[in-house]
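First comes the structure, then the notes that go with it.
The values are calculated or read from the model by the stated rules, or taken from the named source; none is laboratory data. Keep in mind that this is a model prediction, so the values were computed, not measured. Cβ placement follows ideal geometry from the backbone for every residue including glycine, while neighbour counts extend to all protein chains displayed. With ligands, DNA and RNA removed, areas are computed over all heavy atoms of the protein, side chains included. Shrake-Rupley method; radii C 1.70, N 1.55, O 1.52, S 1.80 Å.
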Amino acid sequence: MNERMEQIKQEILKGIEESATSRATAFELRKKFLDSKTGEISGLMKEMRNIAPEERADFGKKVNELKEWAMNVFTELDEKMKEKELKARYESEKIDVTMPAKEFESGNLHPITQMRNQLIDVFGSMGFEIYEGTEIENDYYNFTALNIPKDHPARDMQDTFFLSPEFLLRTQTSSGQIHVMENKKPPIKILSPGKVFRSDDDATHSPMFTQMEGLVVDEKITLCDLKGMLDVFVQKIYGENTTTRLRPSYFPFTEPSVEVDVSCFECGGKGCKLCKGTGWIEILGAGVVNKKVLENCGIDSEKYSGLAFGIGIERTAMLKYGINNIKLLFESDVKVLKQISDN
Ligand code: DAH
């Protein structure tokens, strides 16, 4: 029996050397010898009854010693394997902090969306609310209510896509003014951004473009309020040192009407290529809301007055980002769009 015990010891040592390469294989080996039912050492205990009674105590002691030895050996082995596996895991998960970082391509908003958001921020901070109208309008909202009756020559100012004699693709966001004034009593302070359509196509015009209409109606609104708001607008968009200049103009829905210039942000007003030597750049049309338009919407023109302005978003963006062809904004060439960002 002693021989058998010695043999088991050797088998354990050999087994460890040959097959214990992981915690799992070490565990299997441990089971082979130490499992309480099927293990070889437990098997020795069952031999007890074949041992002469006077030798039993000694045999039992030796088996227990062997068992204890084996348990220690396997516990130690398990620790070793655990350490080995942990080390391998650390090794495989190691991060080389000196490696160059992976470059992630991050997109940016389309320049028109950026410009639109900036305008909304600027006017939003002055208390304007957003009204988004519809792109299909009828003749009344796009023209007649804005004091441009049928056969009025001002209709030729905008080459219109008619869908039927009655319906058309809106040529201006000014139509939003009428919807708002029909549905809301003064004080009114709205901003109406959106797509507009005109049969027009060259380097600075596209059949579809975007505008942002502004409308304020309240008691005692004057051209001074307009000038004050537009000064804030140009300073935020084109720089702190810019200002505006109002020139007389004509729009049927405003009286008086003005064309608004911004002082050239490229040369500071001295005269350069961008401002064609004048020191000023035309940016938008505006005016005091024509009394007829207020009345068309049921607003008392004796009590209330209003101001309105219409900003071309593409034009504002082209000036700000130095883009000379409006098509660049619509071709979606990622190489171009990537360069046009404030971020
Ligand atoms: N609707 C005009 C256009 O598309 C722009 C405009 C001019 C809007 C003067 C206004 C305004 O509200 O007062 O050309």
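How high is the relative contact order of the chain, in percent, with contacts defined as C-alpha pairs under 8 Å that are six or more residues apart?
Here the relative contact order equals 14 percent.
Give me the extension gain from E135 to D35: residue separation times 0.36 nm, minus the current Cα-Cα distance, reported in nm with one decimal.
27.9 nm
With a 1.4 Å probe and all protein chains kept in place, how do S36, S19, S174 rank by accessible area, largest first?
S36, S19, S174
Per the helix-only calculation at 222 nm, which mean residue ellipticity applies to the chain, given -39500 (n - 2.57) for every DSSP H run of n ≥ 4 and division by its residues, nearest 500 deg cm²/dmol?
After summing the helix terms and dividing by the residues of the chain, the value is -13000 deg cm²/dmol.
For the chain, just give the cysteines left without a disulfide-compatible partner, judged by no other Cys Cβ under 4.7 Å.
C224, C297
Once you list every other residue whose beta carbon is under 15 Å from the beta carbon of I283, what net charge do they have if Lys and Arg are +1 and Asp and Glu are -1?
Here the count lands on 0.
Kindly provide the GluC sites (Glu not before Pro) of segment 131-221 that DSSP labels as loop, not H, G, I, E or B, and whose Cβ sees at most 15 other Cβ atoms within 10 Å.
Of the GluC sites (Glu not before Pro), the ones in loops of segment 131-221 whose Cβ has at most 15 other Cβ atoms within 10 Å are E132, E135, E166, E219.
Sorted by accessible area with a 1.4 angstrom probe, largest first, how do K82, K273 fall?
K273, K82
Connecting C-alpha atoms closer than 10 Å in a GNM of the chain, tell me which of K150, K31, K270 has the biggest fluctuation.
Largest GNM mean-square fluctuation: K31.
Once label points are set 7 Å from the Cα along Cα→Cβ at both N183 and F162, what is their separation, rounded to one decimal in nm?
Computed distance between label sites N183 and F162 equals 2.8 nm.
Note down the accessible area of I136, probe 1.4 Å, to the nearest 10 Å².
Surface accessible to solvent at I136 totals approximately 90 Å².
Would you mind classifying segment 110-218 by shape? Square roots of the alpha carbon gyration tensor eigenvalues, ordered a ≥ b ≥ c; an a/c under 1.5 is rounded, otherwise it is prolate if a/b is larger than b/c and oblate if not.
oblate
Normalised by the number of residues in segment 1-69, what is the relative contact order in percent for Cα pairs under 8 Å and 6+ residues apart?
Here the relative contact order equals 24 percent.
Show which lysines lie in cross-link reach of K184 when reach means a straight Cα distance below 25 angstrom and same-chain residues fewer than eight apart are skipped.
K195, K220, K227, K291, K292, K303
Run the count for segment 1-100, please: Lys pairs, Cα-Cα under 16 angstrom, 8 or more apart or on different chains.
16
With the Cα gyration tensor of segment 242-343 giving a ≥ b ≥ c as the square roots of its eigenvalues, does the rule (a/c under 1.5 for rounded; else a/b larger than b/c for prolate; else oblate) give rounded, prolate or oblate?
Note, shape of segment 242-343 comes out oblate.
Filter the GluC sites (Glu not before Pro) in segment 265-319 down to the DSSP loop ones having no more than 10 other Cβ atoms within 10 Å, then list what survives.
E302
For M71 and I51, what does the FRET efficiency come to when R0 = 22 Å and r is the distance between their Cβ atoms, rounded to the nearest 0.05?
0.45
Assuming a ≥ b ≥ c are the square roots of the Cα gyration tensor eigenvalues, decide whether segment 190-316 counts as rounded (a/c under 1.5), prolate (otherwise, with a/b larger than b/c) or oblate.
oblate
Whole number please: convex hull volume per residue, Cα atoms of the chain, in Å³.
Enclosed volume per residue, from the Cα hull, is 279 Å³.
Distance from the Cα centre of segment 30-86 to that of segment 127-190, in angstrom?
What the calculation gives is 96 Å, centre to centre.
Under a GNM of the chain (C-alpha, springs under 10 Å), which listed residue has the highest mean-square fluctuation: F253, F209, F104?
Among F253, F209, F104, the largest GNM mean-square fluctuation belongs to F104.
Report the residue, chosen from R30, R155, R198, that carries the largest GNM mean-square fluctuation when the chain is represented by alpha-carbon nodes joined by springs under 10 Å.
In the Gaussian network model the winner is R30.
Modelling each spin label as a point 7 Å along the Cα-to-Cβ direction, I'd like the K195/S92 distance in nm, to one decimal.
Inter-label distance under the simple model: 5.3 nm.
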